[in-house]
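Comments concern the structure below.
Read-outs throughout are calculated quantities, based only on the coordinates presented, and are distinct from any laboratory measurement. Because the structure is a prediction, the values reported are computed rather than measured. No Cβ is skipped: glycine too gets one built from the backbone with ideal geometry, and neighbour counts run over all protein chains shown.
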Amino acid sequence: MATRTAVLDGVFHALADPTRRAVVEQLGRGPAATSLLGRDHDMALASFSQHLDVLRTSGLVTSEKQGRVRTYRLVPAGLAPAETWLDAQHRLWSARLDQLDAYLTDLEGDPT
């Protein structure tokens, strides 16, 4: 259980930053080199690389180095822990809101 929680925490931590979310969106269009990914972000390459490390550590991206070029790829399965958690929350709150609706309808004596 602790490991699953740590993985989920890592995914949400990685996605909590707008720069990292932008990188995930960029990589959703296909693999890209570090320099290409960092081009649209106003920060030093060393700082940007730290963002990439967070994404890699969380399992959202992988990287491969060929010569002097490091290319990153999105790992769609890395989003699965967040997707599973969000789906469970959606089901829970939908059921609770349905119960509230039924209760309020009962209170009103709604004939429908």
Report task. Examine segment 68-83 for a residue that is touching a Pro at 6+ places or on another chain (Cβ under 8 Å), hydroxyl-bearing (Ser, Thr, Tyr), outside any helix (DSSP H, G or I) and surrounded by 10 or more Cβ atoms within 10 Å (Cβ to Cβ), and state whether such a residue exists. Result -> yes
Query - Residues of segment 30-47 satisfying the condition of being under 18 Å from the mean Cα position of the chain (by Cα) and not in a loop (DSSP other than H, G, I, E, B) - result: LEU37
Report summary line: Result of the Cβ filter at 7 Å on segment 32-52, keeping first residues that are touching a residue at least 12 places away in the same chain (Cβ under 8 Å) and surrounded by 15 or more Cβ atoms within 10 Å (Cβ to Cβ) and partners that are of a type in the set (Gly, Ala, Ser) and not in a strand (DSSP E or B), at least 6 apart or interchain, is THR34/SER49; PHE48/GLY38
